[in-house]
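Let me begin by presenting the structure, written as C-alpha cells, before commenting on it.
The values are calculated or read from the model by the stated rules, or taken from the named source; none is laboratory data. Keep in mind the model is a prediction, meaning the values are calculated, not measured. Every residue, glycine among them, receives a Cβ derived from its backbone with ideal geometry; neighbour counts consider all protein chains shown. Surface accessibility is based on the protein's heavy atoms, side chains included, excluding ligands, DNA and RNA. Shrake-Rupley method; radii C 1.70, N 1.55, O 1.52, S 1.80 Å.
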Amino acid sequence: MDYQPRDIEQRWRKYWEENEIYKVEVDHNKPKYYVLDMFPYPSGAGLHVGHPLGYIASDIFARYKRLKGFNVLHPMGYDSFGLPAEQYAIQTGIHPAISTEKNINRYREQLENLGFSFDWSREVRTSDPSYYKWTQWIFMQLFKHYYDQDADKAMPVETLAERFAKDGNANVKAVCDDDTPAISAADWNGMSEKEQNEFLLHYRLTFPEESFVNWCPALGTVLSNDEVKDGVSERGGHPVERKLMKQWSMRITAYADKLLEGLNHIDWPESLKEQQRNWIGRSQGASVRFALEQDADTKIEVFTTRVDTIYGVTFMCLAPEHDLVDQLTTPEQQEEIEKYIKWTASRSERERMSEVKQVTGAFTGSYCINPFNGEKVPIYIADYVLAGYGTGAVMAVPSGDQRDWNFATHFGLPIIPILDAQKDIETAADPTKEGKYINSGIIDGMTYDEAIPTLTNWLEERGLGKGKIQYRIRNAVFSRQRYWGEPVPAYWKDGVPYLIDESELPLVLPAVDKYLPTEDGDPPLGRAEGWKYQDQYEYELSTMPGWAGSSWYWYRYMDSQNDERFASKDAVQYWQAVDLYIGGSEHAVGHLLYSRFWNHFLYDLGLVPEKEYAKKLINQGMIQGVIESIFMEKSEAKDKRFVSADLLDQYPDTEWAQMPVHVDFVSDYGSEQSHLDKDGIEKFKEWRPAFANATFITNDKGQIVTKSEVGKMSKRYFNVVNPDDVIDRYGTDCFRMYEMFLGPIEQAKPWDTKGIDGVIKFLRRFWSLFFDGNGEFAVSQETPSKEEMKILHTTIKKVTEDIERFNFNTCVSAFMIATNDLKKMKCNKAAVLKELVVLMAPFAPHINEELWHRLGEEGSVHKASFPEYDEKYLKEDSITYPIAINGKTRATADFPADASKADIEKAAQELDTMQKWLEGKTIRKVIVVPGRMVNIVVG
RNA sequence: GCGGGUGUGGCGAAAUUGGUAGACGCGCUAGACUUAGGAUCUAGUGCCGCGAGGCGUGGGGGUUCGAGUCCCUCCACCCGCACCA
C-alpha cells in the first residue's frame, strides 16, 4: 500500500479532535511547560508566510515536551484589533467585527491544515469584549498607580494623596513629569477635587498629556513616523503637520531600569536584548549649566557622558528648535540664523540622518561661560543636535568627539588637547579615556577615574550641575484616533479624566454610522450616539493602540473563560510564565518591550508570579519570496516592447520600466538564469491581455531573461506561495518536515520548493519499512540485531540532543539516515520501528499516528513516552583514527576502543602505510587525542 | 554616523570543547528495471591534475602539532535606528 498522506491526515485529525487529545488542564501531578507563539493578526490575505515556520517549530517542541511527560500549555488566538479591518470598513461599510470573524475562520482552517496541537478551547481574540474587559481593567490599574522610587515599585495613588495631605510632595520620591511643581501639605489641602485630580496626573502610570503627533488633516488621523514620507502621508500623499494633541501616555520610563535589568535574567537572543538596551538607552553622565555671558542668571543646561572633557570645550551647540535661540541671536547674526532654521525645518528626519558628512550650522553671536575656567564659549546652532533628546544642547569638545571635530574644523574653531594620550588630534578626534589630563585646571594630572568624581563634586557644591542618568526611551503614546480598538474606560468631567467603575466593564465598543473621524476632527467614537457616562460625561473618544491587547494575552490562555478575573489565581500560579516563546524579531522594541513593561507592573501589584514572563525566546527568520520582473519599454505606444534582461545594454537610449511578473510563468525561478520561455511568454500574454500584441525581444535562446530579487512575499509581486497548495500536493507531514529541513529556524531565507521532493521520498521510504513487497503491512516480532539497535539508539541520541538545541533541520537528517540504514538492512522489526515512530511523531504527527495504530498500539502516539537512548548500544568495538603528519591526514587505522594512548601512539608510527611518509624524517612528537585523531609532528 | 548580524560546493546546508571540512537533501552524471517515466533502485559528484599529488570555509596576517571554529586587520552583503552627546 502506498503512502497516502491526505487520507491519513484527515482521519487522524478527526480522531484527535473527537478524543480531545490536545486538551490540557491544570494537573499538579505533572510538571508544566508553556509553549507560546506570537498570535497572528488575521489579515484578509490569509496566514502570513512567515508564520508556519515558527508555529511548526513550537508545535514540535510542545509535542516533544508532552512525550517527555510534561503538562504542556500550547494555545493559539488572534490579535484581532487592527487597522486593515478598519480601512476595509471605511471602504465597504462592513463592520470590522464581521470581516475579522471571516478572516479568523480562514486562519483557523489554515492552522488546522498544518496539524498543530493547540488546545483550541483556550482560544482568545483581543477584540472580544470578554477579553478586552481585562485589557481595560489593566489600564485602570495603571491609572490607579504611580511608581514609587523608595519602594521601587508601583503603589496606589491613594497612598500618594495621603502623603501629599500630610507633607506635600517634597519628600516623595516618585517618577513624575519633569514640570511637576513642588507643593506643601497646605497647597494640597487647599486644592479643589478637580485640582487634586489634575495634580495626580503628574504621577499616574497612564495619563493624558499634550504631545506632538503627525496629524494628517486629509485622512483625519494621526500617523506614525513610518507612515510619513517626505512630509506627506505614505498612503495618498497628503500633507502632514506637527500638531499638539491630548493623548493618553504610558509612563514606561518608570520601568526603564527594571526593563534593562530584567534582560540579564532571560534567555533571549543577544542581538534582540541589545536592541532593547539601545532603545532604553541608559547613559550615565552629568548635567552642567553654562551661564550666558550677557546674562549670568540665564543658563544653558547640557547633558554629557564625558564631563571629564569639559576643559576641551571650545563651542556650544544648540538644536535649532531650542527655546533660547531667539534670545541668543544677536542682530548681526539674525539673518543667518533665520535662514538656517528655515532650511533645517524643510529637511526631513531622513535627510538629516543620511547627510551626516555635511557640516552645517550657524553662529548665534552670543557666548556662554565655561563654569570651570571662565572661558568665553561661542554658541552655535546645528541640526546634528536633536531637540528631543536630553536638553537639546551639547557642549562641544573637538579633540574628543569626531562630529565636534568636523564642526570645529569647518568653522575654524580651536581644538584643545585634554589628555596626554590623545594622538593626532590635528587630523581626527581621539575619544580616548587613557592617560592623564592636560590643560584641564583642577583635574590636571589625574586619570579618568579620578577626574569624574572630582568634577561632579565641584559642580554639585556650587549648584552648577550634578551627576545624572539619562534615558533615551520616551513615554509611550497610548491613544489612537481610530474605531477598531479597545475603548478607554474613562470619561471626562470638567476637563479631568475619571475611570468608570470596575463593575461597568467591559466598556463595549459602540456602533457608529461611519468609521471616519467627525467633521470636528474627533475620532470615530465621536459619532456614537449617547456615548456618555451616565448620560452626562463624555467618554474618552480615542481607543487603545494595537499593542494593548497583546501585552498580557499569555495569561488569558491560562484561564480564557474566566469572568471574575483576567485568569484565576490557581491557573496563574500553576502555569507561572512562558517557558518558550517563538516569534519574529520585528517585535523587538514594540510588543516585546511593552509586554515586559505591563508584566513588571502586574508583578508589582502581586498579580503574577514572575517579573519576566518569557524565559526563553526564539526568533524565527522571515521566509522571503523571489520577485521576478521583466523590462517594458517606457513609451506612449499602444503595443509595448519587452526585452530580455541580458540584452538591456544593446538599447542604451531606450528607457525601460521594471514590471513584476507572476512567478508561476518563470522558468528557473529565483536563479540567475530565470527567464520566460516561449510557453511562459504565452502565459504572460494570457494573464495580461493588454500586452497580447506586445513585441518580445528575446535572446538567442528565445528567452526573456527576468530579473530576480529576494524580497517580501506579497500579492503585489505575484510571488506568494500558499502553504495550502503545497500541502494539497505533498501532505502536511511533508510540508512540516520540509520547512524544518530548510535550515536553522532563526535564519531568514527565500522560499523555494526545490528540495521538497527529497522529503516526500524519505517519507515514502519510511512508510515502506512497514510493508512487504506486496504492499501488505508486515513487521517482524523478532529481537533486533545489535546493528539495528545501534542505528535506533544513535538516532534517539542525536534527535533528543538536537531538539533540545532547536536544531530541527539536523533532526530531519537523522531520520533520513536512520531510514536509509534500516532500509538497506531490510529491517522490519517492530521493536525498532515502534520507537522510531514515537521519536518522529512531533515532526510528522499524522503518518506516525497511523503507523502507531497499525503496529497495534493503544491510544494516540502523542500520549506515548519519548524513547530514551541506552549508551550500551552506542559503544564501538574499534574506532577509526585519522593519522596525520604535521596536521595533514595521510592514513586511517582502526584501533580497539579501549586502546591506551601509548598503544595508539606506537601503533600509528609502525603502520605500513605510514612508512613512506615517515621515511627520512625525525619524529619530534606524537599527539593522540583519544577517540579523535593522531598527529605525528616531524622535523 | 551608530548598533546588530551574515559570509562554507552549482543550490539549501552540516561540522560538542580547536581534531578526517562539505553529513543530509536538491541538482547533475552514468547505469539497472521498464512500452514509457518527471516512478523506483544502484554508483559517482568541492576544485585543479592522467597520476602521484596539490588547493580549498569572503581577502590578508597571527597563535597552535593542528583553525570554518580563537586573535588582529581589511572587504562584501543584510537588518534596525531616534546623529543619543
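Just a few scattered comments:
- Ratio of the Cα radius of gyration of segment A:544-629 to 2.2 N^0.38 Å, where N counts its residues: 1.30
- Crossing angle, helix A:96-112 versus chain A [Cα axis fit, 0-90 degrees, rounded to tens]: 30 degrees
- Sequence ranges A:653-660, A:582-589, ranked by mean other-Cβ count within 10 angstrom, highest first: A:582-589, A:653-660
- Between 0 and 90°, nearest 10: helix A:756-768 axis offset from chain A longest Cα axis: 40 degrees
- The dipole here belongs to chain A: it is taken about the Cα centre, uses +1 on the Cβ of Lys and Arg and -1 on the Cβ of Asp and Glu, and is about 2520 debye.
- Cross-link pairs exceeding 32 Å in C-alpha to C-alpha distance, out of A:246/A:299; A:872/A:901; A:246/A:376, comprise A:246/A:376.
- Placing unit charges on the Cβ atoms of the charged side chains and taking the dipole of chain A about its Cα centre, the candidate lying farthest along the positive direction among A:216, A:34, A:490 is A:34.
- Positive minus negative residues near residue A:285 (Lys, Arg vs Asp, Glu; Cβ under 11 Å): +3
- Protection proxy ranking, peptides A:447-453, A:312-318, A:646-652, average beta carbon neighbours within 10 Å, highest first: A:312-318, A:447-453, A:646-652
- Accessible surface, 1.4 Å probe, highest first, among residues A:488, A:222: A:222, A:488
- Neighbourhood charge, 12 Å Cβ-Cβ cut-off, centred on residue A:405 and excluding it, Lys, Arg +1 and Asp, Glu -1: -4
- Partners of residue A:638 within straight-line reach, counting aspartates and glutamates whose Cα lies under 18 Å from its Cα and excluding those fewer than 8 residues away in the same chain: A:655, A:686.
- Debye log10 I(q)/I(0) at q = 0.06, 0.09 Å⁻¹ for chain A, Cα point scatterers: -0.63, -1.22
- Rough spin-label spacing in nm, given labels placed 7 Å along Cα→Cβ, for residue A:45 and residue A:457: 6.2 nm
- Spin-label zone in segment A:49-91 - amide nitrogen under 18 Å from a point set 7 Å from the Cα of residue A:112 along the C-beta vector: A:75-78
- Mean residue ellipticity, 222 nm, helices only, chain A: the sum of -39500 (n - 2.57) across DSSP H runs of n ≥ 4, divided by residue count and rounded to 500, is -9500 deg cm²/dmol.
- Chain A: relative contact order as a whole-number percent, Cα under 8 Å and 6+ apart: 12 percent
- Using the Cβ of residue A:101 as centre and a radius below 11 Å, the other residues enclosed give a net charge of +3, where K and R count +1 and D and E count -1.
- Inverse mean reciprocal Cα-Cα distance (Kirkwood Rh) of segment A:80-175, Å: 17.5 Å
- Segment residue A:871..residue A:469, full-extension length gain: 139.1 nm, with 0.36 nm per residue of separation and the alpha-carbon distance subtracted.
- Distance from segment A:611-653 to segment A:400-424 (C-alpha centre basis), Å: 46 Å
- Relative to the globular-protein estimate of 2.2 N^0.38 Å, the Cα radius of gyration of segment A:745-802 stands at 1.60.
- Portion, in percent, of the accessible area of chain A that falls on carbon or sulfur, probe 1.4 Å: 47 percent
- The long axis of helix A:129-143 is offset from the longest Cα principal axis of chain A by roughly 40 degrees.
- The slack between residue A:695 and residue A:17, meaning 0.36 nm per residue of separation minus the straight C-alpha distance, is 238.4 nm.
- Too-long pairs where the Cα-Cα distance tops 30 Å, listed order kept, from A:133/A:258; A:65/A:273; A:683/A:754; A:153/A:243: A:153/A:243
- Inter-label distance, residue A:729 to residue A:194: 7.0 nm, where each label sits 7 Å from its Cα along the C-beta direction.
- Considering all C-alpha pairs of segment A:820-912, those separated by over 23 Å amount to 51%.
- Hits among lysines - C-alpha to C-alpha of residue A:826 under 19 Å, sequence gap 8 or more where chains match: A:761, A:786, A:790, A:834
- Each peptide among A:794-803, A:815-824, A:392-401 gets the average number of other Cβ atoms lying within 10 Å of its residues, and from highest to lowest they stand as A:392-401, A:794-803, A:815-824.
- C-alpha center-to-center spacing [segment A:436-469, segment A:544-569] in angstrom: 51 Å
- The alpha carbon radius of gyration of segment A:150-204, expressed as a multiple of 2.2 N^0.38 Å, is 1.03.
- The simple Förster model, with R0 at 30 Å and r as the Cβ-Cβ distance, assigns residue A:291 and residue A:182 a FRET efficiency of 0.80.
- With a cut-off of 20 Å on the backbone N, the residues of segment A:875-903 near the modelled label site 7 Å out from residue A:909 along Cα-Cβ are A:881-896, A:899-903.
- Our summary gives segment A:1-82 a relative contact order of 40 percent, counting only alpha carbon pairs under 8 angstrom and 6 or more residues apart.
- Since only A:887, A:911, A:931 are under comparison, the one whose Cα sits farthest along the positive direction of the charge dipole of segment A:856-939, derived from C-beta charges on Lys, Arg, Asp and Glu, is A:887.
- Label-point gap, in nm, between residue A:938 and residue A:137 - each point 7 angstrom along Cα→Cβ: 8.0 nm
- Estimated at 0.36 nm per residue, the fully extended path between residue A:754 and residue A:565 surpasses their Cα-Cα distance by 63.0 nm.
- Per residue value of the accessible surface for chain A (all protein chains in place, 1.4 Å probe), Å²: 47 Å²
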